[in-house]
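Q: Structure provided below as structure tokens; questions to follow.
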Amino acid sequence: MEKLYRKLLDGNREWVAKKLSEDPAFFKRLAKGQSPPLLWIGCSDSRVPANEIINARPGEVFVHRNIANMVVHADMNMLSVLDFAVQLLKVKHVIVCGHYGCGGILAAMSNRQHGLIDNWLRNIKDVYRLHQQELDKIKDKKKKSRRLVELNVIEQVLNLCKTSTIQNAWKERNYPHIHGWVYDIANGVIKDLEVSVKNNTDMSAIYRFDI
């Protein structure tokens, strides 16, 4: 355990040295502040590092991660990150990115208890219920889980659009644009689900705020 711990600190110093050799002013620029154009809402899975898989540099992506990339309206952590990114940083795009093989999705598909996380997974089970007719027709478990990953991302995009933070921003300045992606760990490729939303005209009227 101690060896691993020391390796982390040594790794940091190696990274600093590498960055300084490439650009002596790198950290001085970062210290001046941030103005990322993108908010990333992704899964906590260690195999899906937001910056790396889109080849972005430090300072270019504001990141929120949780189990199965959920947008839960009672989650003050997510709502605070969203409000900060949209209202203060004024990001231009918000991306919800799921990934195939997501452990949270697979756990939600089962009828087993997993502990405290079951309360969180219930939100994914709600997504399953909304699309149960389609999902129950898929007999192959892997294909079913992949489709649920996609449907979950789509529902989280819609959940973002329902927030007052996003709708107020649309009213004031017509952005950010909301997008849904799925990352395939097996080949590193991102799939655009083509569910981008730029305003509330695509939403059910009951969710719209007429401000």
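The values are calculated or read from the model by the stated rules, or taken from the named source; none is laboratory data. Everything numeric in this text was worked out from a predicted model, so none of it was measured. Every residue, glycine among them, receives a Cβ derived from its backbone with ideal geometry; neighbour counts consider all protein chains shown.
Q: Looking only at the stretch 75-89, filter to residues that are without any contact (Cβ under 8 Å) to a residue 40 or more places away in the chain and surrounded by 15 or more Cβ atoms within 10 Å (Cβ to Cβ); which one of those is farthest from N168 (Cα to Cα)?
A: So the residue we want is D75.
Q: Please specify each residue of the stretch 108-150 satisfying the condition of being within 23 Å of the chain's Cα centre (by Cα), in a helix (DSSP H, G or I) and over 28 Å from S196 (Cβ atoms).
A: Within the stretch 108-150, D118, N119 qualify.
Q: So which pairs qualify, if the first residue must be in the stretch 102-120 and assigned by TED's automatic domain parsing to the domain that holds H73, the second must be hydroxyl-bearing (S, T, Y) and part of a helix (DSSP H, G or I), the Cβ gap must be under 6 Å, and the two must be at least 6 apart or on different chains?
A: I105/S145; L106/S145
Q: Could you count how many residues in the stretch 20-47 are in contact (Cβ under 8 Å) with a residue 24 or more places away in the chain, surrounded by fewer than 19 Cβ atoms within 10 Å (Cβ to Cβ) and under 25 Å from L148 (Cβ atoms)?
A: Total meeting the criteria: 1.
Q: Of V157, V94, which residue is touching a Leu at 6+ places or on another chain (Cβ under 6 Å), assigned by TED's automatic domain parsing to the domain that holds L193 and β-branched (V, I, T)?
A: Details: V157 fails: touching a Leu at 6+ places or on another chain (Cβ under 6 Å).
Sole residue among the options that is touching a Leu at 6+ places or on another chain (Cβ under 6 Å), assigned by TED's automatic domain parsing to the domain that holds L193 and β-branched (V, I, T): V94.
Q: Could you figure out which of (1) among the polar types (S, T, N, Q); (2) more than 14 Å from the chain's Cα centre (by Cα); (3) surrounded by 13 or more Cβ atoms within 10 Å (Cβ to Cβ) isn't true of N55?
A: (3)
Q: Within the bounds of the stretch 158-179, is there any residue that is part of a loop (DSSP other than H, G, I, E, B), loosely packed, with under 13 Cβ neighbours inside 10 Å and modelled with pLDDT of 95 or more?
A: No, the stretch 158-179 contains no residue that is part of a loop (DSSP other than H, G, I, E, B), loosely packed, with under 13 Cβ neighbours inside 10 Å and modelled with pLDDT of 95 or more.
Q: Now, a different point. Among the residues of the stretch 187-201, write down those that are outside any loop (DSSP other than H, G, I, E, B), under 18 Å from E172 (Cα atoms) and in contact with a helix residue (DSSP H, G or I) (Cβ under 8 Å, 6 or more places away or on another chain).
A: V197, N200
Q: Same structure again: Among V63, V72, which is the only one that is part of a loop (DSSP other than H, G, I, E, B), at pLDDT 95 or above and surrounded by 10 or more Cβ atoms within 10 Å (Cβ to Cβ)? Walk me through it before giving the result.
A: Values: V63 fails: part of a loop (DSSP other than H, G, I, E, B).
Only one candidate qualifies: V72.
Q: Being among the charged types (D, E, K, R), closer than 17 Å to I41 by Cα and out of contact with any Phe, Trp or Tyr (no Cβ under 6 Å at 6 or more places or on another chain) is true for just one of E155, E134. Which residue is that?
A: E155
Q: Of the numbered conditions (1) in a helix (DSSP H, G or I); (2) surrounded by 13 or more Cβ atoms within 10 Å (Cβ to Cβ), L8 fails exactly one; give the number of that condition.
A: The number of the failed condition is (2).
Q: Under 6 Å by Cβ, and 6 or more places apart or on different chains, what pairs join a residue from the stretch 182-197 that is at pLDDT 95 or above with one that is part of a loop (DSSP other than H, G, I, E, B) and surrounded by 10 or more Cβ atoms within 10 Å (Cβ to Cβ)?
A: The qualifying pairs are Y183/V48; D184/Y100; I185/R47; I185/G101.
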